1. Step by step: find N for the range 68-111, compute 2.2 N^0.38 Å, then divide the Cα radius of gyration by it. What's the final number?
2. Residue by residue, what Karplus-based ³J(HN,Hα) values in Hz, rounded to whole numbers, does the range 83-94 have, using 6.51, -1.76 and 1.60 with θ = phi - 60° and x for Gly and Pro?
3. As a test of understanding, state the convex hull volume per residue of the range 73-162 from its alpha carbons, in Å³.
4. Each residue of the range 115-130 in turn: what ³J(HN,Hα) in whole Hz from Karplus with 6.51, -1.76, 1.60 and θ = phi - 60°, glycine and Pro shown as x?
5. With all distinct Cα pairs included, what does the Kirkwood hydrodynamic radius of the chain come out to in Å, to one decimal, could you say?
6. With a 10 Å radius around each residue's Cβ, average the other Cβ atoms per peptide and rank 62-69, 186-193, 120-127, highest first.
7. Please check: in the Gaussian network model of the chain (C-alpha springs, under 10 Å), which one of Glu184, Glu20, Glu12 has the largest mean-square fluctuation.
8. With +1 on each Lys and Arg Cβ and -1 on each Asp and Glu Cβ, how big is the dipole of the chain about its Cα centre, in debye rounded to the nearest 20?
Amino acid sequence: MSLSSSYPESREIALWIVRESARPLAQNLAWALGAAVYPPVAVSEANAESNRGQFQEAFPKATHWVLIMASGIATRYLAGLPRSKHSDPAVVVVDEACRFAIPLLGGHEAGANALAYQIAAFTGATPVITTATEALKPLTLGIGCRRGMSAARIHSGVERSLDLAQCRMSDVREVATVDVKAAEPGLLSWLSSNNLPLRVFSTAQLAHRPLTATPSDWVKRSVGLAGVCEPCALLASPRGILLLPKTATAGVTVAIVSDANPAPSLLSCPAN
């Protein structure tokens, strides 16, 4: 599924590779994002410096760049190019294994954070968001819904859940759901009006990690999973604590995970 239709047409997205082995990934991302892949010629060690020079010339010509390379290489490619956060293109770095999507420039102003989430939704990569505004928000919402739920119904379900947990919408960092719900118009409309990003997990990911305290027979029959909102929220915030288990409101289910006081990691546990 192409994911470019939910974003402004004014975006000019381009992808840059430094190894020919990254071209298949770049072409798949280009299809999903409505982007172009550069350089068009084959990449090799022999033309590495030429490749870098071409990128420096092309840098101002796109509004969003996806660099498929190591972050260290991306740093060297970008050396001396940024001028202002108000005018520089957004830059997201993606490793060739597609494990992480890292906004490197223009997280807020240019939309790199949103682009990283978009890439993550298509590939299953983890968006690595480091901007302070998001880092200080502790809540992740897991949301499931019946088909055709309106934005108003989703809003009501979320508001009720936040009230039960004594939490505020302003503390929500992101929303997570399963892939079969990722294109629900009501959910996308509600996310857009609240300026919230969406993490998407595949049914296969959730089937391997069924992190739910309240399994649902209906969800099992319709989606093939024990649950949606709880495992999605816990996978999106792996060190978080389930603040509010699944709460159902007229066809909308919401779970809330908080990492304000994260669960202790194994490294911090005392030895026996």
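Where a number appears in this text, it was derived from the coordinates with a stated rule and is not lab data. Computed from a prediction, not measured in an experiment: that's the story for all the values here. In this analysis, Cβ positions are derived from the backbone assuming ideal geometry, glycine residues included, and neighbour counts consider all displayed protein chains.
1. Values: Rg = 10.7 Å, N = 44, 2.2 N^0.38 = 9.3 Å.
The range 68-111 yields a ratio of 1.15.
2. 10, 7, 5, 8, 10, 5, x, 6, 10, 10, 9, 10
3. Numbers: hull volume 12.1 nm³, N = 90.
Here the figure is 135 Å³ per residue.
4. 5, 4, 5, 5, 4, 4, 5, 7, 10, x, 5, 8, x, 9, 9, 10
5. Working: mean 1/r = 0.0507 Å⁻¹.
Answer for the chain: a Kirkwood hydrodynamic radius of 19.7 Å.
6. Values: 62-69: 23.6, 186-193: 17.0, 120-127: 20.0.
The densest-packed peptide leads the list: 62-69, 120-127, 186-193.
7. Answer for the Gaussian network model of the chain: Glu20.
8. Numbers: 23 positive and 20 negative charges, 105 e Å.
In total the dipole reaches around 500 debye.
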